[in-house]
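*Asks:* I am attaching a structure below and will ask some questions about it afterwards.
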Amino acid sequence: MPTTEQESPTVRGRLLDAMRQCLTDRGYQATTIADIVRVARTSKRSFYAEFADKQECYVELLGAVNVELLAAIETAVDPASAWPAQVRQAVHAYITVCESNPGTTRSWIRELPALGDAARAVQLASLEAFTALMARLTGTDRFHAAGIPPMSRETAVIVWGGIRELAASTIERGLPLSSLEEPAVAACVALVGGTAAARAVD
């Protein structure tokens, strides 16, 4: 399939969507470029006009999905709500995005680390973005009134890693991601509220 310069962004998007589908169908390791171009209904020539290799396509997709995830969380949280409600809103948004990207969610945790330095760069960028978001969301009047300081980096790492692992294991067990909402909310509320309790003891 010939690709013109004007068509290139559309082709790139189709290839990323195809990678997303392949992650759900067979995972990253088992996916080939032939699989990606077949799903995208394009050619290997078009693929290599957009990406150097399968890994570059994969890493770009994960970065894009992470941006979607963080944007969805920030949009879902209503700063006028009571702080436990805000925690629930954030967790629900996380689960909703993961449900629409089950293959990507699992692959992020199980397959991305095997990429070494490339994986580490993506993981660190995502963690830093999440940490900044959590500090911003918990730095509002509702949290301040409850004696809760902006979320620390350490707590953000616990939340980020714990919920991702829980989501991956839930998918692998064939259970709906909605089943983890209540335990995830309870754990996050306990972590966030525990910060205020610890400060009171100090």
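The values are calculated or read from the model by the stated rules, or taken from the named source; none is laboratory data. Just so we're clear, the structure is a prediction, and the values are computed from it rather than from any experiment. Methodologically, a virtual Cβ is constructed for each residue, glycine included, from the backbone with ideal geometry; neighbour enumeration extends over all protein chains shown. These accessible areas exclude ligands, DNA and RNA; they are computed on the full protein's heavy atoms, side chains included. Shrake-Rupley method; radii C 1.70, N 1.55, O 1.52, S 1.80 Å.
*Asks:* Excluding the sites themselves, what is the longest stretch of the chain that contains no GluC sites (Glu not before Pro) in a DSSP loop with at most 15 other C-beta atoms within 10 Å?
*Replies:* The longest uninterrupted stretch comes out as 8-202.
*Asks:* Give the accessible surface of the chain per residue, rounded to a whole number of Å², with probe radius 1.4 Å and ligands, DNA and RNA excluded.
*Replies:* 50 Å²
*Asks:* While we're looking at this one, here's another question. How large a share of the accessible area of segment 3-150, in percent, is made up of carbon and sulfur atoms when the probe is 1.4 Å and the other protein chains stay in place?
*Replies:* 55 percent
*Asks:* List, in order, the whole-Hz ³J(HN,Hα) value for each residue of segment 81-93 obtained from phi through the Karplus relation with A = 6.51, B = -1.76, C = 1.60 and θ = phi - 60°; use x for Gly and Pro.
*Replies:* Those phi angles translate into 6, 4, 4, x, 5, 5, 4, 4, 4, 5, 5, 4, 5 Hz.
*Asks:* Over the chain, what is the relative contact order in percent, taking alpha-carbon pairs closer than 8 angstrom and at least six residues apart?
*Replies:* Contact order relative to length: 20 percent.
*Asks:* Another question, then. Taking trypsin sites (Lys or Arg not before Pro) that fall in a DSSP loop and have at most 12 other Cβ atoms within 10 Å as cut points, what is the longest piece of the chain between them?
*Replies:* My reading of the result: 42-172 is the longest stretch.
*Asks:* Tell me, what ³J(HN,Hα) does each residue in segment 64-69 have, in order and in whole Hz, if you take phi through Karplus 6.51 cos²θ - 1.76 cosθ + 1.60 with θ = phi - 60° and put x for Gly and Pro?
*Replies:* Running phi through 6.51 cos²θ - 1.76 cosθ + 1.60 with θ = phi - 60° gives 5, 5, 5, 4, 4, 4 Hz.
*Asks:* Give a residue-ordered list of calculated ³J(HN,Hα) values for segment 11-23 (Karplus: 6.51 cos²θ - 1.76 cosθ + 1.60, θ = phi - 60°; whole Hz; x for Gly, Pro).
*Replies:* 4, 4, x, 5, 5, 5, 5, 5, 4, 4, 5, 5, 4
*Asks:* On to the next question. Specify which labelled value, from (1) 37, 16, 15; (2) 45, 17, 14; (3) 27, 23, 14, agrees with semi-axes √(5λ) of the Cα gyration tensor in Å derived from the coordinates of the model shown.
*Replies:* Only one option fits the structure, namely (1).
*Asks:* Using only Cα atoms, find the angle between the long axis of helix 117-137 and the longest principal axis of the chain, and express it within 0 to 90 degrees, rounded to the nearest 10.
*Replies:* Taking the Cα atoms of the chain, the angle to 117-137 is about 40 degrees.
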